[in-house]
Each structure stands twice: as C-alpha cells, then as structure tokens.
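S.K.: Sharing a structure, written as structure tokens. Questions coming.
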Amino acid sequence: MRFDVITLFPELVAPYLAESVLGRGVRSGAVRVDLHDLRDEGEGKHRVVDDAPFGGGPGMVLKPGPLARWIERLRAEEPRAPVVYLSPQGQLLTHAVARRLAREARLILVCGRYEGIDDRVREHWIDEEISIGDYVVTGGELPALVLIDCVSRFVPGVVGNEESVLGDTLADGLLKYPQYTQPREFEGWKVPEVLLSGDHGRIASWRREAALARTLATRPDLAARAEPPAADLASPEGAGSETAASR
C-alpha cells in the first residue's frame, strides 16, 4: 500500500517511518510512504504557500494553488487514489474507517497548517476529511502519522503476527481485556487463576466478559454498539470478576 503525504514539514514525518513495526513494513515493501514538500509547488521566488484570510481574522490560510497542483500531479499517476484531508472538522478515525481505507491501493494525505486550507480545495479536490479526535493540534503531520500507522496494521506483512490485529482493542467494538505476564505474583498481586488454568474455553469467556466490564466502566457508548454476544449481556455484574489481579 502506498501513502503520499503533502506537507510543509516532511522532516517531521520521516523519522517515525523508520522505526518499529511501521519501519519494518516500509523496509519490506509492504508499505510505501512518499513525502511531498508543499513548498515545491509554492508561488514566486519565495515559494509562498499561505496568505491572510479574506474577510479578516487571525492566522494564515494555505493557498489553493500549491495544494491543487500537488494533488493533480499525484492523481495523474493514479486517478482513483482518494485524497484525504486531515482536519478536526472531519469524520472520526475509527477501527472501521481504518479497515476500509486499508482496502485502497494508494492514499493521498493532505496535512493542513495554520488556520487550514482554502475551502475551494476542500470542495473540489478533497474526497474525504478525517479527524483523529475532537481537539486541535498544530498541524496535520501527527494526524497523518496516526492514520498511516493505524491503516498499515491491516496491510498484510506489516504486523509480524497478524492474529494480534484481530484481537486489538475495538476490533470487536470493545476495549481490550486485561493482560498479564511473568511473574505470576508481583508486589503481592496475583494473576487471575483462570488465565493459568489452560482451559481455552474458560479463558476466552473470561476475556470477553472482562472486556465488556472494562468497556462499560470507561466507554459505555462503545458497549451499547458492541456486537453479540457482548450486546446480549445486560449488565457488567459478574463480568470480569477476576479482572484485577488479587492479593
């Protein structure tokens, strides 16, 4: 899968792409990320890419010309590649949205800056607007990295054990169940006995109930939309009774 990132600050994006799971995906060829400096299409000898907003107001707005020219250049290579603008005004990036985007062969990501982009670009060149949350960050580079990382997990060959993606938090609409590792007892707190039983059926049932209990406690909005059998459980009573390690 290929990502094209149009940004004023490619040097902010590049280091993250070289490390950890995503870095291995890039080196293996499972994922390709090309960074495109918006100033390469800037206007005049100073490569200007922004200007004051019409009607007044604080800050600067990214001009339509440089963005439109970059998008047109990239779409000339692949006309069907969706253009995604990272913006707090977009739809929320969710597990389902990431899984859908992973089915695309190529995505063009537009990183906003300052007060945003000229709305003529949004209206005529942007296919989808995506937000990573109901808050504002300095620019679109961090949201672009979040999207690339999240979507890439669904690309075969990126995550070493692809079964881990199936068990991710939110994969079934719930938060993930509690996890424990060695030692069996730490500072007097013990690992729940069911996880030491070797009974995979009991363990699977406990994990499902514990995940539901955690979701009901911290994200009840997710629990209400969870797929069965979680949606059939009327209350968290008894769910995850061994969720926390006990003394």
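The values are calculated or read from the model by the stated rules, or taken from the named source; none is laboratory data. What you see is a predicted model; the values in this text were computed from it and never measured. When we count neighbours, we look across all protein chains shown, and the Cβ atoms used for this are built from the backbone with ideal geometry, even at glycine.
S.K.: Within 30 Å of L222 (Cβ to Cβ) and not hydrophobic (A, V, I, L, M, F, W, C) - does that describe any residue in the range 65-86?
M.R.: Scanning the range 65-86 turns up at least one residue that is within 30 Å of L222 (Cβ to Cβ) and not hydrophobic (A, V, I, L, M, F, W, C).
S.K.: Just need a number here: residues in the range 136-163 that are in a helix (DSSP H, G or I) and either assigned by TED's automatic domain parsing to the domain that holds G59 or modelled with pLDDT of 90 or more (or both).
M.R.: Result for the range 136-163: 12.
S.K.: Please give the number of the condition I126 fails out of (1) farther than 22 Å from V155 by Cβ; (2) not in a loop (DSSP other than H, G, I, E, B).
M.R.: I126 satisfies every listed condition except (2).
S.K.: Could I ask something else about it? Would you point out which residue out of P66, P53 is of a type outside the set (D, E) and in contact (Cβ under 8 Å) with a residue 40 or more places away in the chain?
M.R.: P53
S.K.: Which count do you get for residues in the range 196-218 that are surrounded by fewer than 18 Cβ atoms within 10 Å (Cβ to Cβ) and hydrophobic (A, V, I, L, M, F, W, C)?
M.R.: 4
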